[in-house]
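> Take this structure first; my questions come after.
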Amino acid sequence: MKRLAVLVSGSGSNMQSIADSVNRGILKGLVEIVLVISNNPGAYALERARNENIKAVCIERKSFEDEISFNGAILRELRNAETDIVCLAGYMRMIGREIIRAYRGKMLNIHPALLPKFGGKGMYGRHVHEAVVKSGETKSGATVHFVEEEYDTGKIIVQREVEVFASDTPQDISKRVLAVEHRIYPEAIKKVIEGKV
Ligand code: GRF
């Protein structure tokens, strides 16, 4: 069994889809979620984690003097939980270099677009879908990739398209993309565990 930790900041619907796959889907018997870390005390993801009986901790940036000690605290929690794989699932902060180094090739992120399109600094949440609408693209999608120091640049593990219609609002695209995210994140984790990347 691989020991998985999930880093979140918001709703945690991706974390929930991973937990569901562990409980009764494609990750059953392969993975155990040992830890959920949120930087945001108000994240609904924390409640979801507790409902699933998963250890959930909040580590807030403002409790630390600087970025280095904040990331140090996260890394300590990950190590204490003997984490094998880290999944960023709607984690809204830049992840520290020391954490990236410690988990290179073992840290995944999900992005709500077809990377390398619509990635990079400032491209998160609704900004992504707004940019897609503006661009006139007829396709968007979701990407699970390894985390490297540069935003959204790591090797792609799974990517899946959704259609974009001329009448779509950013919210319409977001909904369609999120449904795909929920399917491909567990698939990507399975691929990594089985060494199929
Ligand atoms: C997702 O769209 C994900 O791609 C992005 O943030 C959103 C998180 O949603 N990084 P949730 O917290 O998993 O519901």
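> Rounded to whole Hz and in sequence order, give me ³J(HN,Hα) for the stretch 93-110 from the Karplus expression 6.51 cos²θ - 1.76 cosθ + 1.60, θ = phi - 60°, writing x for Gly and Pro.
Each residue of the stretch 93-110 in turn: 10, 5, 7, x, 4, 5, 6, 4, 4, 5, 10, 4, x, 10, 10, 10, 9, 10 Hz.
> Give a residue-ordered list of calculated ³J(HN,Hα) values for the stretch 141-149 (Karplus: 6.51 cos²θ - 1.76 cosθ + 1.60, θ = phi - 60°; whole Hz; x for Gly, Pro).
Residue by residue, the stretch 141-149 yields x, 9, 9, 9, 9, 6, 8, 10, 4 Hz.
> For the chain, find the longest principal axis of its Cα atoms and tell me its angle to the long axis of helix 13-24, 0 to 90°, nearest 10.
70
> What is the distance in Å between the Cα centres of the stretch 136-186 and the stretch 78-96?
21
> Another question, then. May I ask for log10 I(q)/I(0) of the stretch 1-103 at q = 0.20, 0.21 Å⁻¹, from a Debye sum over the Cα atoms as equal point scatterers with solvent left out?
Ignoring solvent entirely, the Cα scatterers give -0.98, -1.07.
> Compute from the Cα atoms of the chain the Rg and the Dmax, the latter being the longest Cα-Cα distance, and quote both in angstrom.
Here Rg and the maximum Cα pair distance are 16.1, 49 Å.
> Please report, largest first and rounded to whole Å, the three semi-axes of the ellipsoid equivalent to the stretch 120-188, where each semi-axis is the square root of five times an eigenvalue of the C-alpha gyration tensor.
The answer is 21, 15, 9 Å, longest axis first.
Values quoted throughout were computed directly from the atomic coordinates according to the rules given, and no laboratory measurement underlies them. Note that this is a predicted model, so its numbers are computed, not measured.
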